[in-house]
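To keep things clear, I will list the structure first and then write my remarks on it.
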Amino acid sequence: MSSKINTGNYFEDFKIGQKIIHPLPRTITDGDVSLYIAFTGSRFALHSSDVLAQEFGYEKKPLDDLLMFHLTFGKSVQDISLNAIANLGYAEVSFPNPVFVGDTVRLETQIIGLKENSNGKSGVVYVHSIGYNQNGLEVLNLKRWVMVHKRNKGEMSGINEVPTFAPTTPIAKEVNIPVAKNIDTNATGGSFFFEDYEVGERLNHIEGITVDDSDHTLATKLYQNNAKVHFNDHMMKSTPMGERLMYGGHVISMARTISFNGLQNAQWIYAINAGSHCNPTYAGDTIYAYSEVLEKIELEGRSDIGLLRLRTVALKNETPQAIESAKGEDGKYLPNVVLDLDYTVVIPTKK
Amino acid sequence: MSSKINTGNYFEDFKIGQKIIHPLPRTITDGDVSLYIAFTGSRFALHSSDVLAQEFGYEKKPLDDLLMFHLTFGKSVQDISLNAIANLGYAEVSFPNPVFVGDTVRLETQIIGLKENSNGKSGVVYVHSIGYNQNGLEVLNLKRWVMVHKRNKGEMSGINEVPTFAPTTPIAKEVNIPVAKNIDTNATGGSFFFEDYEVGERLNHIEGITVDDSDHTLATKLYQNNAKVHFNDHMMKSTPMGERLMYGGHVISMARTISFNGLQNAQWIYAINAGSHCNPTYAGDTIYAYSEVLEKIELEGRSDIGLLRLRTVALKNETPQAIESAKGEDGKYLPNVVLDLDYTVVIPTKK
Amino acid sequence: MSSKINTGNYFEDFKIGQKIIHPLPRTITDGDVSLYIAFTGSRFALHSSDVLAQEFGYEKKPLDDLLMFHLTFGKSVQDISLNAIANLGYAEVSFPNPVFVGDTVRLETQIIGLKENSNGKSGVVYVHSIGYNQNGLEVLNLKRWVMVHKRNKGEMSGINEVPTFAPTTPIAKEVNIPVAKNIDTNATGGSFFFEDYEVGERLNHIEGITVDDSDHTLATKLYQNNAKVHFNDHMMKSTPMGERLMYGGHVISMARTISFNGLQNAQWIYAINAGSHCNPTYAGDTIYAYSEVLEKIELEGRSDIGLLRLRTVALKNETPQAIESAKGEDGKYLPNVVLDLDYTVVIPTKK
């Protein structure tokens, strides 16, 4: 193998405190935004209408938080997870500043923990990544951990430094959301606000959307995420999966899109507290979702908006009506559960 | 089912005179335009070249009328046709003003007729929808009727108020088309003008284009049209169709694209007089089309352009050469006929 | 067949010296650029970040040369190759000036050679095509030859005028590439420069990307390339191929994208010297590639950049590690070799 070929980092290549500047800054365009709507069918109006965005106090429509996440996060794959066995988790994900078409985003990562697995074959790498726009403003802040192959299987280092994570993303003192001039429910498509939701409430979203090969591979290529498992069917045929695996981020986007019907006014994601890709998703699967309200959070000094901490569970090929709980009696996720996402959304109050 | 979930309107939910403001205003971008070309392969040059558009008297390229139609019309699905059994017809569709990238379009609908079906299970809803741009100018005006499920099957109301429609969309006194500075046939790809076409003439377009799952589902998601039949393969498997149904509007767009070869200079659609989706279209079908000239209409005060009333018939998996007529001896559409569209195009004269 | 239908040119329709102005000038947008990234997953940073492009001395990100090639070249199909049996070769392809979003490109072609085949059924047409932007600047210059059906099989004309081509595209005295202000290898993703490459060196690129039906047909429709073999599955089923053939240009783009890992700083294509589509590629094939350095060329007066003449070989469903040579002992291409491309890239020096 030529030394010019980047074969990705292995467990031993990471050091605690190490900083990685990921390549491929990306200028976001209207083309990216249209493609995201085509991939997901997302109907959150704040992200598709400049007129509505202006009523919400923005100069023009801000990017859907998840699109920005994918475009920024995708750049870390070649350095962090090219040799990953699994994305194990996310924590403390936040979206500190809005991103607009024309902005250029980039990503930097610091290694914050390393834990060798006892099998000697792999280890867990804990990272803290920050996305910036062209002015150096933070637009994404996240921690995640991935299981990565070791280069030299069998040689034990005994490293075991595991960071601790906040159970939910801390709420900033000032939430960077403009005060809306007007909430036109005819335009947003929903008439329910912060006050209308109750802790413990469950929303069975009625839509199911089938994802095909080109849907998820075009999306993942748009994000310049080059993890082989999503693209190389020839290679995947000789694995137990037998075919290309859908990018987990696409499943998150589909679940969020499907949650529109019931959460129409929750147009921003404030934070992702925790997320688990419970089972693999493949082309041809139909994604469904249900959401539970976990917590209602009032924001100091802001009577116009509040936060809802939600749990959205995505299912494949099964309607939410058909299952009561994401986990069976044995405490394990049911085979058709593909995502368990704990996140916090911003939603206007009735004022 | 949570009351927060919009399960769509049923026949009993509509009242004559009722006005519905559809949510999701949409700011149209260059991304939408590129995607439309990718979905259809459309080659009408007015919509893909600013230089040519300026020769035609526009400041910049206007949107393809059908793209604007889909982006605007798609918003009505969640209020009008989420529980539709079938889209029965269109009438008096017109495109009063051009739309450009950067414009924000929205849609309003008035219920103009209701007819309960004698089976007690469903009824027909007649609507008049108007699309507006951000300045309140009309960009789309259409009537359509859809068969919708009743909420309470069996309870008869006896309602039977059916509006009448003009057999063809009335021609406005002033057609909002600039006078072209120059018609560069080297650029439009066609050398035939208004004078060259004859009533009764038939054009067998030679191209056939196969539509795949991602083609039609990405397009329909881009339009934020959320009719379940187009997206949910899991649900469709238990219906007689057995798979996702292609959005009828995508079939119209494919037929229009295929009609380019023979109608290269007919770059605008003035009106859709009537349209029928004769048979369902599914992924994997190859669309062909032929066109007949039904009428030639001269416009008062405009010697530079004329109107051709056309009938374009789209076929699946059969070339236009193979069939003489869209209907068999029994007066029914042949099984491979998927669209019968009566519409009016604008075409320059030789001057 | 109506005389209004363009059935394409046959061998007898071409005359040496004949000039064809291809229709459909195209204004390039951000939507086209995003779609190209989605189709290919291209990661060359110069074409996806305005910030990086400015460091390279551009006002904003220039178009990927291959995207410009496809959007311009696609227009020639309806005049040159609608009745083509095969695209036989390319020569002397160059990209004299950069193209940016907002530019409008068009194409003109002169017939420079004609050679009737001895079977009386077909002939080879040699063309010289030049692409221009809206200011008349050359953006593409290429020669190619295609085998085209004769209209009247059997009638021999005996024409045999074959032009000669330079073995490699001549290097212009002044290469239209700005002097970079800064090469940020953290942003480009690669740390190897002109000096680091050696003639004879081989790079086995590690990524493989599977191409699906919607991937290649959406791309080819975006380019308004209307060659039937790429789109009409119904027609192709009755040919020995049995299905739609992938546009050869898409294979070139996939090979170039895959070559990123190992050639990260070679962000421009200066020329395509020769290219051969050795075997057909179909949906479902996984593309791999390897590259060989054929030549290193220093540019007079430019110490900041140099040229690498490369040979990139694309494979289907076989890793580059698995094959030593693109051709077997019989001198014929191996069945899994789909592209043999001889081209020249620009790469910064270490200065």
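The values are calculated or read from the model by the stated rules, or taken from the named source; none is laboratory data. Note that the structure is predicted; figures quoted are calculated from it, not measured. Cβ atoms come from the backbone with ideal geometry, glycine included; neighbour counts cover every protein chain shown.
In table form, for the structure just shown:
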read-out	value
Pair list, Cβ < 7 Å and 6+ apart or interchain, from the range B:22-36 residues that are away from chain C (no Cβ under 14 Å) and farther than 16 Å from A:Lys60 by Cβ to residues that are β-branched (Val, Ile, Thr) and in a helix (DSSP H, G or I)	B:Pro23/A:Thr188
C:Ile258 vs. criteria touching a residue at least 40 places away in the same chain (Cβ under 8 Å), of a type in the set (A, V, I, L, M, F, W, C) and touching a Pro at 6+ places or on another chain (Cβ under 7 Å)	no
Answer residue from the range A:79-100, given it is surrounded by fewer than 20 Cβ atoms within 10 Å (Cβ to Cβ) and modelled with pLDDT of 95 or more and is nearest to A:Val338 (Cα to Cα) among those	A:Glu92
Any chance C:Lys115 is of a type in the set (D, E, K, R), over 25 Å from A:Asn6 (Cβ atoms) and either within 14 Å of another protein chain (Cβ to nearest Cβ) or part of a helix (DSSP H, G or I) (or both)	no
Qualifying residue in the range B:268-276 (condition: touching a Pro at 6+ places or on another chain (Cβ under 9 Å), in a strand (DSSP E or B), more than 9 Å from chain C (Cβ to nearest Cβ) and of a type in the set (Gly, Ala, Ser))	yes
The range B:240-250 - residue that is under 17 Å from B:Gln224 (Cα atoms) and away from every other protein chain (no Cβ under 14 Å) and, of those, surrounded by the fewest Cβ atoms within 10 Å (Cβ to Cβ)	B:Gly248
Within the range C:321-339, considering residues that are assigned to a loop (DSSP other than H, G, I, E, B) and under 20 Å from the mean Cα position of the chain (by Cα), the one surrounded by the most Cβ atoms within 10 Å (Cβ to Cβ)	C:Ala326
Unmet criterion (only one of (1) assigned to a loop (DSSP other than H, G, I, E, B); (2) in contact with a Leu (Cβ under 6 Å, 6 or more places away or on another chain)) for B:Tyr288	(1)
Filtered residues of the range C:1-42 (kept if of a type in the set (Phe, Trp, Tyr), surrounded by 24 or more Cβ atoms within 10 Å (Cβ to Cβ) and in contact with a strand residue (DSSP E or B) (Cβ under 6 Å, 6 or more places away or on another chain))	C:Phe11
Flag if A:Asn232 is within 10 Å of chain C (Cβ to nearest Cβ), modelled with pLDDT under 95 and out of contact with any Asp or Glu (no Cβ under 6 Å at 6 or more places or on another chain)	no
So A:Ser191, is it within 14 Å of chain B (Cβ to nearest Cβ), surrounded by 20 or more Cβ atoms within 10 Å (Cβ to Cβ) and of a type outside the set (A, V, I, L, M)	no
Any chance A:Asp103 is within 14 Å of chain C (Cβ to nearest Cβ), closer than 20 Å to A:Asn226 by Cα and crowded, with 17+ Cβ neighbours inside 10 Å	no
Any hit, the range B:211-223, residues being over 27 Å from C:Pro23 (Cα atoms) and more than 14 Å from chain C (Cβ to nearest Cβ)	yes
Residue count, the range C:121-142 (criterion: in contact (Cβ under 8 Å) with a residue 40 or more places away in the chain and closer than 13 Å to C:Tyr10 by Cβ)	3
Which numbered condition B:Asn261 fails, given (1) in a loop (DSSP other than H, G, I, E, B); (2) buried (at least 22 other Cβ atoms within 10 Å of the Cβ); (3) within 11 Å of chain A (Cβ to nearest Cβ)	(3)
In the range B:143-173, the residues that are without any contact (Cβ under 8 Å) to a residue 40 or more places away in the chain and farther than 15 Å from B:Glu12 by Cβ	B:Thr164
Residue within the range B:25-48 that is within 30 Å of A:Tyr197 (Cβ to Cβ) and in a loop (DSSP other than H, G, I, E, B) present	yes
Any chance A:Gln54 is outside the structural domain of A:Asn186 (by TED's automatic domain parsing) and more than 21 Å from A:Leu140 (Cα to Cα)	yes
Of residues in the range C:43-53 being of a type in the set (A, V, I, L, M), facing another protein chain (nearest Cβ under 7 Å) and over 20 Å from the mean Cα position of the chain (by Cα), the one surrounded by the most Cβ atoms within 10 Å (Cβ to Cβ)	C:Leu52
Test for A:Leu66: is it more than 9 Å from every other protein chain (Cβ to nearest Cβ), touching a Ser or Thr at 6+ places or on another chain (Cβ under 7 Å) and either of a type in the set (A, V, I, L, M) or over 30 Å from A:Gly262 (Cα atoms) (or both)	yes
Tally of residues being modelled with pLDDT of 95 or more, buried (at least 19 other Cβ atoms within 10 Å of the Cβ) and not hydrophobic (A, V, I, L, M, F, W, C) across the range C:56-75	6
Odd one out for B:Ile287, checked against (1) over 24 Å from B:Pro178 (Cβ atoms); (2) among the hydrophobic types (A, V, I, L, M, F, W, C); (3) more than 10 Å from chain C (Cβ to nearest Cβ)	(3)
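One line per residue, one yes/no per condition, for (1) under 20 Å from B:Gly189 (Cβ atoms); (2) out of contact with any Gly (no Cβ under 8 Å at 6 or more places or on another chain); (3) of a type in the set (Ser, Thr, Tyr):
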position	(1), (2), (3)
C:Ile5	yes, no, no
C:Asp13	yes, yes, no
C:Lys19	yes, yes, no
C:Ala45	no, no, no
C:Leu52	no, yes, no
C:Lys61	no, yes, no
C:Phe73	yes, no, no
C:Ile80	yes, yes, no
C:Pro96	no, yes, no
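Table: residues versus (1) touching a strand residue (DSSP E or B) at 6+ places or on another chain (Cβ under 7 Å); (2) among the charged types (D, E, K, R); (3) part of a loop (DSSP other than H, G, I, E, B).
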| residue | (1), (2), (3) |
| --- | --- |
| B:Leu71 | yes, no, no |
| B:Val77 | no, no, no |
| B:Ile80 | yes, no, no |
| B:Ala86 | yes, no, no |
| B:Tyr90 | yes, no, no |
| B:Val99 | yes, no, yes |
